[in-house]
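Trainee: Quick one: the structure is below, and I'll ask about it shortly.
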Amino acid sequence: MQARNVMVTPVVTVKPSATVQEVAAQFLERNISGAPVVDDNGKLVGIVSEGDLLHRVEAGTERRRSWWLRAFADADTLAAEYVKSHSRKVADVMSRTVITAAPETPLHEIATVLEKNAIKRVPILENGQIVGIVSRANLLQAVASARQVLEATPSDKAIRDRILSSLRAEPWAHTALLNVTVSDGVVDLWGLAESKAERKAIKVAAETTPGVRTVNDNMVVFSGGGWA
């Protein structure tokens, strides 16, 4: 699946000139936690999220450093924090560095970007314009709505071949020590696994193979320390 398959569109955006209060009200009204910031030409110039509104003077939640931490903080840092907590304009509180993706970006890449950068959403750009947004919630929706698509019930041989083929592509799987038998969609796993983690992963690979009805795990774990 790609970003275009799960992205939300049209996208709720805000202007740099909008006030913090207006944005906070919009977040609550639309039940969202962030929005891209665009200029009058629709160009992306930043992104504002609930995290940017967390430390605000209106709520009495602005950062309050102890005297000794203030002594070690440089003046520019303290001044920037003051602007973030006191300014009424979105332009002053938004994040100007925005990570984006294209509509054809695979979802696994989107997930990696979200995790690696500790962010909750990625605007989707096409020809420089925002065409959608993908959030962590959208990825969860993709998981929740996933369906196995089968052209027809595969044969036992096809199921066995698929299991072994997928395992041979995994660097952690020692297929030379493994045997798989399939009867009427019921899979039996035989042989040795070099760890409990490998044994579990092999079983999961079998369980998630299309056409499999159930899996019987007859494997034994053998590590350098002996049998388990």
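Trainee: Can you compute 3J(HN,Hα) from phi for each residue in the stretch 24-37, using the Karplus curve 6.51 cos²θ - 1.76 cosθ + 1.60 with θ = phi - 60°, rounded to whole Hz and x for Gly and Pro?
Mentor: Karplus values, whole Hz, x for Gly and Pro: 4, 5, 5, 4, 5, 5, 9, 6, 10, 10, x, 7, x, 10.
Trainee: DSSP loop (so not H, G, I, E, B), at most 11 other Cβ within 10 Å: list which trypsin sites (Lys or Arg not before Pro) in the stretch 51-136 pass both filters. Working shown, then result.
Mentor: Values: sites: R56, R63, R64, R65, R70, K84, R88, K89, R96, K116, K120, R121, R136; in loops: R56, R63, R64, R65, R88, R96, K120.
Here the sparse-neighbourhood loop sites are R64, R96.
Trainee: How much length is gained if the chain between S145 and F222 is pulled fully straight, taking 0.36 nm per residue apart and subtracting their Cα-Cα distance, in nm to one decimal?
Mentor: Numbers: separation 77, 0.36 × 77 = 27.72 nm, distance 3.81 nm.
Full extension of this stretch gives 23.9 nm more.
Trainee: OK, next. Counting each DSSP H run of 4 or more residues in the chain as -39500 (n - 2.57), what helix-only mean residue ellipticity at 222 nm follows after dividing by all residues, to the nearest 500 deg cm²/dmol? Spell out each step's value before the answer.
Mentor: On the way: 9 runs with 81 residues, N = 228.
The helix contribution divided over the chain gives -10000 deg cm²/dmol.
Trainee: With contacts defined as alpha carbon pairs under 8 Å and 6 or more residues apart, what's the relative contact order of the chain in percent? Display every interim value, and only then the final one.
Mentor: Values: 330 pairs, mean separation 39.4, N = 228.
In percent, rounded to a whole number, it is 17.
Trainee: When the expected Rg is taken as 2.2 N^0.38 Å, what fraction or multiple of it is the alpha-carbon Rg of the stretch 15-119?
Mentor: Working: Rg = 16.0 Å, N = 105, 2.2 N^0.38 = 12.9 Å.
Relative to the 2.2 N^0.38 Å estimate, the stretch 15-119 comes out at 1.24.
Trainee: Name the most mobile residue of E198, E104, E29, meaning the one with the largest mean-square fluctuation, in a Gaussian network model of the chain with Cα contacts below 10 Å.
Mentor: Comparing E198, E104, E29 in a Gaussian network model of the chain, the most mobile one is E198.
Trainee: Given a cut-off of 27 Å, what percent of all Cα-Cα pairs of the chain lie beyond it? Spell out each step's value before the answer.
Mentor: Working: 14595 of 25878 pairs.
It works out to 56 percent of all Cα pairs.
Trainee: Here's another thing I want to ask about it. Given the convex hull over the Cα atoms of the stretch 61-110, what projected area results after averaging over all orientations, in nm²?
Mentor: Orientation-averaged projected area of the Cα hull: 6.0 nm².
Trainee: Are any of the pairs K15/K120; K89/K116; K89/K120; K157/K203 more than 24 Å apart by Cα-Cα distance, and if so, which?
Mentor: Values: K15/K120 20 Å; K89/K116 29 Å; K89/K120 22 Å; K157/K203 18 Å.
Cα-Cα > 24 Å for K89/K116; rest within.
Trainee: For the chain, give the magnitude of the charge dipole about the Cα centre (Cβ charges: +1 Lys/Arg, -1 Asp/Glu; no others), in debye to the nearest 20.
Mentor: Roughly 360 debye for the chain.
Trainee: For I133, which sequence-distant residues (separation of 5 or more, or a different chain) have an amide H within less than 5 Å of its own amide H, given hydrogens modelled in the peptide plane?
Mentor: Under 5 Å from the amide H of I133: V8, I124.
Trainee: Working from the alpha-carbon coordinates of the stretch 1-40, get Rg over Rh, Rh being the Kirkwood radius.
Mentor: Numbers: Rg = 12.0 Å, Rh = 11.4 Å.
Reported Rg/Rh (Cα atoms, Kirkwood Rh): 1.05.
Trainee: Can you list the aspartates and glutamates whose alpha carbon sits under 13 Å from that of K84, skipping same-chain ones fewer than 8 residues off?
Mentor: Cα-Cα hits under 13 Å: E50, D52, E58, E62, D76, D92.
Trainee: Please report Rg (one decimal) and Dmax (integer) in Å for the Cα set of the stretch 100-228.
Mentor: 19.5, 60
Read-outs: derived from the displayed coordinates by stated rules, not from any lab. In this text the structure is predicted, and so the values were computed from the model without any measurement. So basically every Cβ, Gly included, is an ideal-geometry build from the backbone, and we count neighbours across all protein chains shown.
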